[in-house]
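Peer 1: Here it is, the structure, as structure tokens.
The values are calculated or read from the model by the stated rules, or taken from the named source; none is laboratory data. These numbers come from a predicted model, not from an experiment. Note: ideal-geometry Cβ built from the backbone for every residue, glycine included; neighbour counts use all protein chains shown. Heads up: the accessible areas ignore ligands, DNA and RNA and are worked out on the full protein's heavy atoms, side chains in. Shrake-Rupley method; radii C 1.70, N 1.55, O 1.52, S 1.80 Å.
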Amino acid sequence: MKLLNKIKQVGLLLGIAIGMNACDNYIEEDIFSDITSENFITQDNADQLVVGIYNALRQVYKQYEINLAGTDIFTRQDELFSFNPLNDYFDFNSSEGKVADIWKENYKVIAKANTAINRYENQISWTRLDERDYGIAQAKALRALAYYNLVQHFGGVVINLTEPTEIRSDYVRSTEEDTFTQIISDLEAAIPVLETSPQTGRFSKRAAQHLLADVYVTRAYKTFGSSSDFDTAASIAEQAIDSYDIRSQTFAQVFDFDNQVNDEVLFAVQYGSGGNFDDRNNNKHSIMMNPVNEYPGIGRTNPYGRQSIGLMPTPFFYELFDANDTREDVTIHRVLFANEEDIVGTHNLAEGDTAVYYPKNAISATELADKLNRYYVYQPDQYLFGLPADVPGVNFLYSSNINRTNFPIFKKFDDQDFQDDAGGFRDTFVFRVAETHLIAAEAYLGAGNMGSALPHINVVRERATGVANHYTSVTIDDVLNERAIELAGEENRWAVLKRTGKLEERIGMYNPHVIDHGAFSSGTHLVRPIPSGELELSDGSLLQNPNY
């Protein structure tokens, strides 16, 4: 049974428990029942507290824009001269909502984890101690995950390890070093207790090892990092990989909608076709697409969905795929098909016909004119905002398409039975073994051990191309490029570029809006601003990051 089937019960249990606790705090009244907030949760239903933490991760892993915008492989669907604070690092404080959401949603996870740990340790009478320890281990691992999300964006943050029972305004930020120490402490406590093959949807031992390896490789670049952090990260990544061979599945099989629970996925945020509203409310299918319903023959209700956040891949991203790389066909749609009849000029567009084609390589003027009589064609140098010159005498005139940003939309997150830009029920992959290999490659490279880095990056490449030992040497840019192809839309691309010291260089080379007018400053934009709402609610003890 998938974990999400339990989630619908959590709100009721917590609501009753919290409500009763509120009565104890603010209303003095006689108790006419022996049910209180302290004994309502027993060892028989305590797991619902843990399930509630998993539920809170859904909103954390919908914060796509802050993780992807302003990087080398993702930019905005706007004119080059247009300004966007997240993507262009311009007037960044106007991104308050996006920044506040990543802060708020991760602290919700932390609060739920702290509540579960406190109740498990102090308020429940246990006879099944293994269940107690397992629940605490899951809560600590998920708390570590939330703190890791926060420290990557904000630097040192408020570390609170107690159940929230009162309103406070005196929180103080810990140092970045102390935040990493806490994350490592939680994971090291959790890993020995977590299960190797848990119920689908739960955090496994190998998922926690994957996360810990990523934490160590990130800390290795810090001034407070240990000289052995790269080696430690590599060793732990090897443990997380275990004996699994990613070549046992193709990239296409990994992203097959009917194969979402598969051995490569170490951890995923779950959704499902039944249950309550949240069970089928993923929107990942819509994050990397243009308004496809503006094309002839593609209606508002269509197999692709509707544009949501307005991101698009950069031209550099499309250039990364070699001709033999099977990941391209899984990752992007180069052809969109009509789902309703339409007439363009003298051409009758039928359901199932090609509506738009984005060739990988530029086609000749003669071939272009021929195809433009049957459907739109956008060449690789036309993927950014703009209006190409009409080709005379064809049915599909560029000036007739009101969509001014035309590019191959994402395919790897395609969903089923969704509602426009939401309502999907594809799981969101958080950790995959292919990424674990790339963490190991980066860690070995950082440790100066290229010989051990090569097998890890090569196995990822081999699965995609069938070519063994593609890399005979490896650089950090090779690792970043391979991550870009393999993990597009899955990883926190901004954080990965930041940790490797490549953010400023690569956005200046590959992000077209940044190249045109970007305002990135390494003295400011390597951390996000602490949300102004949080500062206003504090008593002055919560300090802003420099230059915001």
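Peer 1: Ala141: of a type in the set (A, V, I, L, M, F, W, C), open to solvent by less than 20 Å² (accessible area, probe 1.4 Å), in contact with an Asp or Glu (Cβ under 8 Å, 6 or more places away or on another chain) and assigned to a helix (DSSP H, G or I), yes or no?
Peer 2: Yes, satisfied.
Peer 1: From Gly393, Gly466, Gly424, which residue is over 22 Å from Ser235 (Cα atoms) and out of contact with any helix residue (DSSP H, G or I) (no Cβ under 9 Å at 6 or more places or on another chain)?
Peer 2: Testing whether each residue is over 22 Å from Ser235 (Cα atoms) and out of contact with any helix residue (DSSP H, G or I) (no Cβ under 9 Å at 6 or more places or on another chain) leaves just Gly466.
One line per residue, one yes/no per condition, for (1) surrounded by 15 or more Cβ atoms within 10 Å (Cβ to Cβ); (2) without any contact (Cβ under 8 Å) to a residue 24 or more places away in the chain; (3) hydroxyl-bearing (Ser, Thr, Tyr):
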position: Leu336; (1), (2), (3): yes, no, no
position: Asn339; (1), (2), (3): yes, no, no
position: Asp342; (1), (2), (3): yes, no, no
position: His347; (1), (2), (3): yes, no, no
position: Tyr358; (1), (2), (3): yes, no, yes
position: Asn373; (1), (2), (3): yes, no, no
position: Val377; (1), (2), (3): yes, yes, no
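Peer 1: Next question, about the same structure. Only residues that are hydrophobic (A, V, I, L, M, F, W, C), open to solvent by less than 30 Å² (accessible area, probe 1.4 Å) and farther than 18 Å from Lys411 by Cα: list them for region 252-267, please.
Peer 2: Scanning region 252-267 gives Val265, Leu266, Phe267.
Peer 1: Among the candidates Asp72, Asp88, Asp78, single out the residue that is under 30 Å from Leu387 (Cβ atoms), in contact with a His (Cβ under 8 Å, 6 or more places away or on another chain), acidic (Asp, Glu) and open to solvent by less than 20 Å² (accessible area, probe 1.4 Å).
Peer 2: Asp88
Peer 1: Out of all the residues in region 379-400, which are open to solvent by less than 30 Å² (accessible area, probe 1.4 Å) and within 32 Å of the chain's Cα centre (by Cα)?
Peer 2: Once the filter is applied, which keeps residues that are open to solvent by less than 30 Å² (accessible area, probe 1.4 Å) and within 32 Å of the chain's Cα centre (by Cα), region 379-400 yields Gln379, Tyr383, Gly386.
Peer 1: Could you list, in sequence order, the residues of region 279-326 that are open to solvent by 20 Å² or more (accessible area, probe 1.4 Å) and either acidic (Asp, Glu) or assigned to a helix (DSSP H, G or I) (or both)?
Peer 2: If the condition is that a residue be open to solvent by 20 Å² or more (accessible area, probe 1.4 Å) and either acidic (Asp, Glu) or assigned to a helix (DSSP H, G or I) (or both), then Arg280, Asn293, Glu294, Pro315, Phe316, Glu319, Asp322 are the ones that fit.
Here is a yes/no grid of residues against (1) over 24 Å from Gly135 (Cα atoms); (2) aliphatic (A, V, I, L, M); (3) in contact with a Pro (Cβ under 6 Å, 6 or more places away or on another chain):
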site	(1), (2), (3)
Thr181	no, no, no
Asp186	no, no, no
Pro192	no, no, no
Pro198	no, no, no
Lys205	no, no, no
His210	no, no, no
Asp214	no, no, no
Ala220	yes, yes, no
Ser248	yes, no, no
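Peer 1: Being part of a loop (DSSP other than H, G, I, E, B), at pLDDT 95 or above and open to solvent by 10 Å² or more (accessible area, probe 1.4 Å) is the requirement here; does Thr115 meet it?
Peer 2: The answer is no for Thr115.
Peer 1: Cβ-Cβ below 9 Å, separation at least six or inter-chain, first residue in region 135-151 and among the polar types (S, T, N, Q), second buried (at least 24 other Cβ atoms within 10 Å of the Cβ) and at pLDDT below 95: which pairs?
Peer 2: Going by the 9 Å Cβ cut-off, there are no qualifying pairs.
Yes or no, residue by residue, for (1) charged (D, E, K, R); (2) open to solvent by less than 30 Å² (accessible area, probe 1.4 Å); (3) modelled with pLDDT under 95:
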| site | (1), (2), (3) |
| --- | --- |
| Thr42 | no, no, no |
| Ile53 | no, yes, no |
| Gln59 | no, no, no |
| Asp101 | yes, no, no |
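Peer 1: Which one of Phe396, Phe429, Phe425, Phe407 is in contact with a His (Cβ under 9 Å, 6 or more places away or on another chain), aromatic (Phe, Trp, Tyr) and in contact (Cβ under 8 Å) with a residue 24 or more places away in the chain?
Peer 2: Testing whether each residue is in contact with a His (Cβ under 9 Å, 6 or more places away or on another chain), aromatic (Phe, Trp, Tyr) and in contact (Cβ under 8 Å) with a residue 24 or more places away in the chain leaves just Phe396.
Peer 1: Right, next: Is there a residue in region 377-393 that is outside any strand (DSSP E or B), modelled with pLDDT under 95 and more than 30 Å from Tyr61 (Cβ to Cβ)?
Peer 2: yes
Peer 1: Moving to a separate point now. Only one of these conditions is not met by Ala234: (1) out of contact with any helix residue (DSSP H, G or I) (no Cβ under 6 Å at 6 or more places or on another chain); (2) in contact (Cβ under 8 Å) with a residue 24 or more places away in the chain. Which number is it?
Peer 2: Of (1) out of contact with any helix residue (DSSP H, G or I) (no Cβ under 6 Å at 6 or more places or on another chain); (2) in contact (Cβ under 8 Å) with a residue 24 or more places away in the chain, only one is false for Ala234: (1).
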